[in-house]
Every structure is written in structure tokens, then in C-alpha cells.
Amino acid sequence: MRTLYLALLLAPAVSFGADAPPKVSAQQFVNLQQGNSAFPGFRRAHAKGICISGEFRVNGQLADYSQASLFKAGSTPFIGRLSIAGNNPTAPDLKAPVRSMALSFASSRTEQWRLAMNTPPVMAVADPHTFYQQIQAIQAGPAAIKQFFADHPESDEFRAWAAQYQPSGSFAAETYHSINAFYLVNTDGKQQAVRWAMRPTVAVPATESDRDNALQQEIAARIAAGEVVFDWVFTLADPSDDETNPTKAWPDNRQQITAGQLVLTGTTPQLEGDCHAINFDPLVLPVGVKATADPILRARSAAYAESYRRRAKEQLQGALEGSNNE
Amino acid sequence: MSNSDRFSLSMRLFHWGMAALVLSMVAAGLLMVTSLQPWQLTLLNIHKAFGVMAILLVTARLINRLRHEPPALPHELADWQKTVAKASHWLLYILLFAMPVSGYLMQYFAGRPVDVFGWFRLPAALQVDIHYYALFRELHGWLAVVLIGLIALHIGAALHHHFIRKDDVLKSML
Ligand code: HEM
Ligand code: HEM
């Protein structure tokens with residue numbers, strides 16, 4: 001079936017511009033992410049993670065900007081996932097260059113919101129086809145990635161971040177960024193471009209642990225001992241800012257609004273928890289939040305769906321039975 | 001050709017209206033599952049919204065079909081050919097239901113409310129069920145293949161009647 005579809009679609013898929021990278025499909029992208037030996041039943045990216053649960057305690061400050069019910073009074077429970085980048089569900093936690101947080105708010109049957117955030121504030125590239133080449137370069141080794149960055153000056157801000165980034169000793173002490181921008185839409189229909197970050201409220205120095213599950217064990221113990229809190233901080237764009245370019249941060253003096261606190265109260269191994277079943281597609285949005293035209297953001301839905309489809313089918317066929325994710 | 005040799009006006013309108021809709025739905029579906037382009041999200045949302053419209057349309061169409069007698073098939077057709085013709089038409093109706101219903105259920109179990117042109121939203125499960133998602137996702141894909149095959153057969157048969165057998169079957173739907 002796939003081959004039939006691909007054959008049907010090959011014609012529009014292979015178009016070459018002067019500098020433009022060749023266009024890749026969602027299937028090609030996910031093939032590259034999963035590599036030569038996929039792990040059946042697991043995510044093709046961010047395969048290793050731990051389920052979290054808790055609630056978002058809103059302060060009401062964002063209610064004028066978005067009609068999403070999450071920003072009105074009270075608190076909303078969530079299911080989430082803390083993960084590391086990569087396709088291997090048993091990879092050592094501390095070796096991963098990127099750490100992540102994903103959230104799912106099921107406010108009502110007609111209003112759900114999924115978020116997937118990473119530690120870097122910006123992407124190295126601005127479109128999925130160049131991102132594909134970046135991953136190819138990473139897989140090819142240090143020389144290739146050096147050359148790739150040299151050929152792609154838009155990666156400057158990302159590299160500057162990577163050069164100064166000090167991984168902490170805990171998932172609780174990282175800042176997780178939306179990277180892509182979204183629009184908040186209020187009841188008058190007014191649109192405001194925003195990015196957001198989950199900011200930690202604790203500092204934890206780096207650890208020297210050689211355990212593969214160092215970060216998972218640390219966060220499970222920390223949450224068992226007490227709430228872990230993040231501030232959910234929104235940055236509002238000026239009309240002069242480009243909300244469609246994920247490689248450029250907006251200037252530091254932009255207005256910031258803290259919408260409330262994200263409070264983590266529970267952890268569960270991913271295969272025993274509810275988070276494994278969820279596709280944290282950041283384009284599942286409530287009324288009051290809209291996607292920008294950012295090409296990276298727009299590419300995510302199809303790629304996440306392809307990965308989700310593969311792992312869901314494998315799970316249906318029993319791929320995870322007897323697996324304990326250790 | 002007398003009037004009773006032709007499908008009623010309402011049946012013809014339903015037929016060509018849904019033919020255009022379903023062909024666009026198939027094309028949109030095949031494009032959007034492979035594309036990483038910025039319009040993918042827009043096409044996905046249109047696919048779901050028009051897909052919901054398709055459930056309403058096919059229901060109305062079926063009611064209309066049960067209330068009107070379609071013109072008889074040509075006498076010259078062998079019995080087996082008549083049986084295949086009728087069976088394929090009922091199978092098409094079944095697929096016109098099964099496609100949008102499986103599409104919606106896939107979204108339901110994945111916990112993704114379906115937004116219909118910003119007018120209203122169809123509910124989704126509060127708790128994701130990956131097994132049912134997988135089941136309806138695969139069903140949606142495989143039924144689409146059967147539908148495409150059946151549409152090809154259907155068009156082939158219409159053209160065969162018109163150009164080879166030179167009977168009035170195609171004209172009865174025009
Ligand atoms: C074109 C760009 C991107 C592509 C193709 C892509 C692809 C993927 C895929 C295929 C998955 C696995 C989905 C699943 O099976 O559930 C995934 C997971 C994830 N992605 Fe991306 N991604 C992209 C950009 C981003 C960006 C910009 C961020 C951060 C802001 C991000 C953060 C995440 C996170 C946190 C997860 C794990 C979610 C979870 O815990 O389930 N991705 N990505
Ligand atoms: C006449 C009705 C419909 C037709 C002919 C149709 C056709 C298709 C086709 C051909 C595909 C690609 C299949 C594949 O790659 O396996 C597709 C995918 C899809 N359809 Fe439909 N569809 C219909 C109704 C709906 C409805 C009502 C919904 C939801 C409300 C829906 C949601 C989807 C989704 C979400 C996908 C992509 C899934 C993914 O990316 O994994 N469809 N559809």
C-alpha cells in the first residue's frame with residue numbers, strides 16, 4: 001500500500017530548486033529518524049521517556065489574550081512525558097544532547113491541547129527538508145555536522161546556545177522551549193504571536209552518574225519526595241518579529257507573561273503509564289490557540305502521525321508484550 | 001430515452017456531488033499523509049471537516065435512494081453481471097459510510113477533537129486508546145484502497161457500457 005501511495009506521489013515530491021534542498025516526505029523523514037533498526041512499538045524520536053502527571057495552576061494573566069479555557073481560573077490536570085532525544089528507548093540518559101517535556105491537557109471532550117518542548121530555544125534550521133540534511137549530517141559524524149553548520153549560517157543562534165549550554169543533573173532543572181511560535185486568539189478575535197517556555201524553579205548541578213536511567217531515577221525520587229514546579233512563561237512578539245522563523249529568538253526586551261505554574265506530582269514508567277499511548281502532536285490545539293506558518297511547526301503533524309501510526313500498529317500486533325522498558 | 005430510464009434529478013445530483021467530494025477526499029488523504037509542506041495542516045483540517053460533511057451527505061443520499069426506484073439495468077446483461085453491478089453499488093454505499101466513520105473513530109480514540117470549519121467540534125475520548133486508534137487508522141487506510149479499486153471498476157464499467165456495449169447506462173446518470 002505504501003509503495004502504491006509513494007509511486008502516486010513521487011511526481012510532486014521530487015522538485016528541485018536552485019538552493020532549495022530536495023523535498024522529503026513524512027515517511028522518508030521518519031525512516032531517517034528510526035534508522036536501520038527500528039524499535040518496534042516505540043516512538044521514532046524521543047523514544048526514551050517517563051510518564052508524568054500533575055496540574056497546571058493558572059493565575060489568569062493570559063485570559064485576555066486567549067479564550068482557551070486552560071487560561072481561565074482554577075487548575076487543569078495533565079498527563080505528560082519527560083524524554084531525551086533519540087530513537088533508542090534504552091539509551092543512557094546523560095548522553096543525550098537534548099531533553100524534552102511533552103504535555104497533554106484534556107480540558108473537555110472538544111478541547112484538548114498537546115505540547116512538545118525541547119531544551120534549545122531555537123532550531124538550527126528553518127524548514128523540514130534542511131532539518132533532514134542536518135540529521136543526515138549528525139548521523140554521518142562530527143566532520144559532516146561541522147561542514148553542515150558552516151554551510152548553514154542560520155544555525156548561528158543554535159550553535160551559540162549549544163556552546164554555552166550546561167546540562168543539569170535533573171529533568172526538574174531544565175528550561176523547555178516551544179521553539180515554534182503560535183498565535184493566541186482572544187474572544188474579540190485578536191491575534192498575538194507568542195513563544196513559551198517552562199522555566200524551572202530549582203537548580204541541580206550536573207551529575208557524574210554512570211547509570212543509564214540516571215535522569216529517570218532522579219526525577220522519580222524527586223517527585224515522590226515533593227512537587228516539582230515550573231513557571232509557564234509566554235513571550236509576546238512585536239509586529240517586527242518573525243513568528244515563522246524558528247532559528248531566530250526574539251529580542252530579550254519583549255513582554256513576558258507568566259500564565260501560571262506547572263506542578264508535577266507523579267511519575268510512572270512509560271509502558272505502564274498513560275503517556276505512551278499519546279501522540280504529543282503540537283498541532284492538537286484548543287480554540288484560542290492557532291498554528292503559525294512556521295514551516296518546521298507545519299511539518300510536525302504529518303511526521304508525528306507517521307511515527308504514531310507505525311508504533312500503534314506494532315503495539316496492536318503485540319510488539320511491547322513482555323517489554324518492561326528497562 | 002424515456003424519463004423512467006434515467007436516474008431522478010436528486011439521485012443524479014447526489015451522485016455527481018458525492019463523486020467530486022469523495023475523489024477530492026481520496027486525493028487529499030493520500031497527499032496529506034506524505035507531505036511535510038506548510039499547507040499540510042490546512043489540508044488535514046479540510047479533509048476532516050469535509051469528511052464529516054460526507055457522513056451527513058451519504059445518509060441523506062441513502063434515504064433518497066431508498067425512496068426512488070433506479071432505472072432497470074439493460075435486459076441484455078447476463079444475470080451474474082447484474083448481480084455484480086448491484087453488489088458493487090451497495091458496497092460503494094457501505095464504503096461511503098465506513099470511510100468517514102473510521103476516520104472519525106481514529107481521531108476519537110487518538111483524543112483529537114475534530115473541528116468542522118470553526119462552526120463546531122466533534123468530541124474525542126478524554127483518554128487515548130492506542131489499540132482502537134491503531135485499528136481504525138489501519139482500517140481507514142485499507143478501506144481507502146478498496147474504495148479506490150471499486151471506483152476504478154465503477155468508472156471502467158460505465159465506460160464499457162457506453163463505448164463497447166453502446167447502451168444507455170452511462171446516459172441514465174447524466
Ligand atoms: C520538522 C521538525 C520535526 C520533526 C519531523 C519531528 C519529529 C518527531 C517525531 C516523529 C516524534 C515521535 C512522535 C510519536 O511517535 O509520538 C517526535 C517527538 C517529539 N518531538 Fe519532534 N519533530 C520535529 C520538531 C520538533 C521541535 C521543534 C520540538 C521542540 C520544540 C520537538 C519536540 C519533540 C518532543 C518533546 C517529542 C516527544 C514527545 C513525546 O514525549 O511523546 N520536535 N518528533
Ligand atoms: C469520504 C470520506 C473519506 C475518505 C474517502 C477518506 C480518505 C482518506 C485517505 C485515502 C487517506 C490516506 C490513507 C492512508 O494513508 O492510509 C486518509 C487519511 C486520513 N483521514 Fe480520511 N477519508 C475520509 C473521511 C475522513 C474523516 C471523516 C476523518 C476524520 C474526521 C478522516 C481523517 C483522516 C486522517 C486523520 C487521516 C490521516 C491519518 C494519518 O496521518 O495517520 N478522514 N483519508
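The numbers here are math on the coordinates, done by the rules we state, and not lab data. Just so it is clear, the model here is predicted, and its values are computed rather than measured. Please note: Cβ atoms are built from the backbone with ideal geometry, for glycine as well, and neighbour counts cover all protein chains shown.
Observations on the model:
- Angle in degrees between helix B:79-109 and the longest Cα principal axis of chain B, rounded to the nearest 10: 10
- Cross-link pairs beyond the 27 Å C-alpha cut-off, checked among B:K48/B:K171; B:K82/B:K171; A:K313/B:K48: B:K48/B:K171
- Degrees between helix B:9-32 axis and first principal axis of chain B (Cα, 0 to 90, nearest 10): 40
- Ranked B:E138, A:E321, criterion: other C-beta atoms within 10 Å, fewest first: A:E321, B:E138
- Counts of other chain beta carbons within 10 angstrom of each beta carbon in peptide A:252-265 average 0.
- The spread of Cα positions in chain A, taken along each principal axis and listed from longest to shortest, comes to 51, 51, 42 Å.
- Between helix B:40-67 and chain B: long-axis angle, C-alpha atoms, 0 to 90°, nearest 10: 40
- Candidate aspartates and glutamates for bridging to A:K248, where Cα separation is under 19 Å - those fewer than 8 sequence places away on the same chain excluded: A:D127, A:D151, A:E154, A:D156, A:E157, A:D238, A:D294
- Taking the Cα atoms of the stretch B:3-173, the ratio Rg/Rh between the radius of gyration and the Kirkwood radius comes to 1.03.
- For the stretch B:19-44 and the stretch A:43-108, distance of Cα centres in Å: 29
- Across A:S66, A:S104, A:S75, mean-square fluctuation computed from a Gaussian network of chain A (C-alpha pairs under 10 Å connected) peaks at A:S75.
- Taking every alpha-carbon pair under 8 Å whose residues sit at least 6 apart, the stretch B:3-173 reaches a relative contact order of 24 percent.
- Per-residue average of Cβ from other chains inside 10 Å of A:58-71: 0
- From the alpha carbon centroid of the stretch B:115-174 to that of the stretch A:260-300 is 31 Å.
- Theoretical FRET efficiency, 1/(1+(r/R0)^6), r = Cβ-Cβ of B:H89 and B:Q127, R0 56 Å, to 0.05: 0.90
- Extending 7 Å from Cα along the Cβ direction at A:V233 and again at A:D212 yields two label points whose distance is 3.6 nm.
- Between A:Y132, A:Y308, A:Y165, the residue with the greatest mean-square fluctuation in the GNM of chain A (Cα pairs under 10 Å linked by springs) is A:Y165.
- Shielding of A:297-304 by partner chains, average beta-carbon count, 10 Å: 5
- Counting only aspartates and glutamates at least 8 places from A:K290 when in the same chain, those with an alpha carbon closer than 14 Å to its own are A:E111, A:E243, A:D281, B:D115.
- Label-point gap, in nm, between B:V145 and A:N253 - each point 7 angstrom along Cα→Cβ: 6.1
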